[in-house]
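The values are calculated or read from the model by the stated rules, or taken from the named source; none is laboratory data. As the structure is a prediction and not an experimental result, all values here were calculated from the model. All Cβ positions, glycine included, derive from the backbone under ideal geometry; neighbour counts span all protein chains shown. In case anyone asks, the SASA skips ligands and DNA or RNA and just uses the protein heavy atoms, side chains included. Shrake-Rupley method; radii C 1.70, N 1.55, O 1.52, S 1.80 Å.
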Amino acid sequence: MSFAALKRILPGVGLATLVGVVSVLIAVVEERIFGHAVIEGLVVAILLGMVIRTLWTPPEMVDAGVRFTAKQVLEAAVFLLGASIDLPLLLRAGPALAVSIVLLVVLGILASFAIGRSLGLPRKLAILVACGNGICGNSAIAAIAPVIHADREHVASSIAFTAILGVIVVVGLPFLVGPLHLSFYQYGVLAGLTVYAVPQVLAAAFPVSALSGQVGTLVKLVRVLMLGPVVLFFALRNRGTAGDAGTRPRFALTRFVPWFIIGFMLLAALRSSGVLSDTLATSARTLSIWLTVAAMAALGLGVDVRVVTRVGRPVIATVSASLAVLIALALTLIHGLGIR
């Protein structure tokens with residue numbers, strides 16, 4: 001990275017780091033007063049970032065750094081998290097776990113598309129909402145949009161409410177553990193199958209337990225890999241539509257197998273085989289936590305709740321109903337396939 005690029009991102013990285021540090025301090029105060037953190041630091045970071053973003057419009061000079069922290073810093077955090085993963089433990093569900101991920105993505109997309117069309121959404125907008133709901137939120141929407149030649153207005157509408165609802169899920173999903181009598185492992189699978197984005201999975205699962213966070217991360221990363229086949233499907237279906245051969249977007253599978261997923265699995269394999277020592281694993285885990293907190297703050301700084309007023313009711317209804325269906329499907333698969 002050049003000095004000019006570093007200078008450009010420093011203000012935003014500094015802001016996200018400051019919000020993250022304040023969030024950790026708030027969690028420490030909670031522990032002193034209540035004996036435990038009522039709202040964990042990761043969640044506090046998202047919420048505090050959202051409050052700041054809603055009450056104050058940050059200057060353009062911090063945008064690049066906030067985006068860098070929310071993406072590249074988060075990717076580094078996920079990569080390092082692999083050093084603390086016990087793969088045999090996480091994969092104890094066997095083939096049932098893989099089957100549940102594939103079924104969830106396929107059924108989730110179909111159900112969400114049907115809901116969107118029944119509520120009057122245009123076909124392409126319904127596809128965007130369905131793929132965002134079924135795979136990985138805004139990333140899936142951004143990847144699918146050029147393949148189906150979606151209008152920019154449709155992309156903006158489908159992305160806008162998804163970010164806000166994702167934060168609501170982060171806060172609310174842990175409350176299902178008790179009423180639904182879920183084990184930490186089952187809750188991790190539920191979080192990985194239903195929460196939209198990787199950082200949101202970390203924030204929703206790790207406050208419940210370390211096992212939930214590790215399982216949720218693994219499930220979510222495998223779910224993200226489903227983006228490749230889904231984009232390929234729509235690329236093949238739409239190859240003869242708008243645009244000529246010279247302007248149609250090219251499909252490249254390598255775009256949908258991010259480096260940090262490969263790195264995460266590699267570190268997890270090294271850790272499980274004993275190549276990585278406990279000391280190195282602990283250090284990597286600690287660094288990963290701090291990077292994740294900063295990324296959560298950056299994620300919150302990128303969410304403006306006022307955008308709800310600019311999103312149509314059919315989109316809000318479709319995204320909300322699709323999420324409810326996704327949670328119901330995930331719970332059915334978890335119990336139906338005997339995941340314990």
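The one condition from (1) assigned to a helix (DSSP H, G or I); (2) in contact with a Ser or Thr (Cβ under 9 Å, 6 or more places away or on another chain) that residue 121 does not meet is (1). Considering only segment 2-16, I want to know if a residue exists there that is hydroxyl-bearing (Ser, Thr, Tyr) and either assigned to a helix (DSSP H, G or I) or touching a helix residue (DSSP H, G or I) at 6+ places or on another chain (Cβ under 6 Å) (or both). Checked against the condition, which is being hydroxyl-bearing (Ser, Thr, Tyr) and either assigned to a helix (DSSP H, G or I) or touching a helix residue (DSSP H, G or I) at 6+ places or on another chain (Cβ under 6 Å) (or both), segment 2-16 yields no hits at all.
Taken as a whole, the condition of being touching a residue at least 60 places away in the same chain (Cβ under 8 Å) and either closer than 22 Å to residue 203 by Cα or buried (at least 21 other Cβ atoms within 10 Å of the Cβ) (or both) does not apply to residue 328.
Within segment 160-204, the set of residues being among the aromatic types (Phe, Trp, Tyr), in a helix (DSSP H, G or I) and within 15 Å of the chain's Cα centre (by Cα) comprises just one member, 161. Inspect all residues belonging to segment 89-99 and state whether any of them is closer than 28 Å to residue 206 by Cβ and basic (Lys, Arg). There is at least one residue in segment 89-99 that is closer than 28 Å to residue 206 by Cβ and basic (Lys, Arg).
I'm trying to understand the selection: among the residues of segment 42-82, which are open to solvent by less than 10 Å² (accessible area, probe 1.4 Å) and over 15 Å from residue 15 (Cβ atoms)? Answer for segment 42-82, where residues must be open to solvent by less than 10 Å² (accessible area, probe 1.4 Å) and over 15 Å from residue 15 (Cβ atoms): 77, 78, 81, 82. Determine the pairs where a residue that is at pLDDT below 85, located within segment 228-242, has a partner that is open to solvent by 70 Å² or more (accessible area, probe 1.4 Å) and in a helix (DSSP H, G or I) with Cβ atoms under 6 Å apart, the partner being 6 or more residues away or on another chain. Short answer, once both residue conditions are applied: 228/253. Residues that are more than 18 Å from the chain's Cα centre (by Cα) and under 30 Å from residue 210 (Cα atoms) within segment 49-75 comprise 51, 52, 53, 65, listed in sequence order. Got at least one residue in segment 251-267 being at pLDDT below 80 and in contact with a Gly (Cβ under 6 Å, 6 or more places away or on another chain)? So far as segment 251-267 goes, yes, one or more of its residues are at pLDDT below 80 and in contact with a Gly (Cβ under 6 Å, 6 or more places away or on another chain). Considering segment 140-174 alone, what residues qualify as being farther than 23 Å from residue 221 by Cα and modelled with pLDDT of 90 or more? Residue satisfying the conditions is 148 alone. Only one entry of 156, 150 meets the criterion of being free of Cβ contacts under 8 Å to residues at least 60 places away in the same chain, small (Gly, Ala, Ser) and assigned to a helix (DSSP H, G or I), and that entry is 156. Per the listing 223, 248, the residue uniquely at pLDDT 85 or above, buried (at least 17 other Cβ atoms within 10 Å of the Cβ) and among the charged types (D, E, K, R) is 223. Annotation: of all residues in segment 205-220 being among the small types (Gly, Ala, Ser) and outside any loop (DSSP other than H, G, I, E, B), the one that is most open to solvent (accessible area, probe 1.4 Å) is 210.
I'd like to know if segment 111-121 contains one or more residues that are surrounded by 23 or more Cβ atoms within 10 Å (Cβ to Cβ) and under 16 Å from the mean Cα position of the chain (by Cα). Scanning segment 111-121 turns up no residue that is surrounded by 23 or more Cβ atoms within 10 Å (Cβ to Cβ) and under 16 Å from the mean Cα position of the chain (by Cα). With respect to residue 41, is the statement that it is over 24 Å from the mean Cα position of the chain (by Cα) and modelled with pLDDT under 90 true? No.
A count restricted to segment 54-77 and to residues that are of a type in the set (Val, Ile, Thr) and modelled with pLDDT of 90 or more stands at 4. Being in contact with a His (Cβ under 7 Å, 6 or more places away or on another chain) and either of a type in the set (S, T, N, Q) or open to solvent by less than 30 Å² (accessible area, probe 1.4 Å) (or both), is that true of even one residue in segment 155-170? No.
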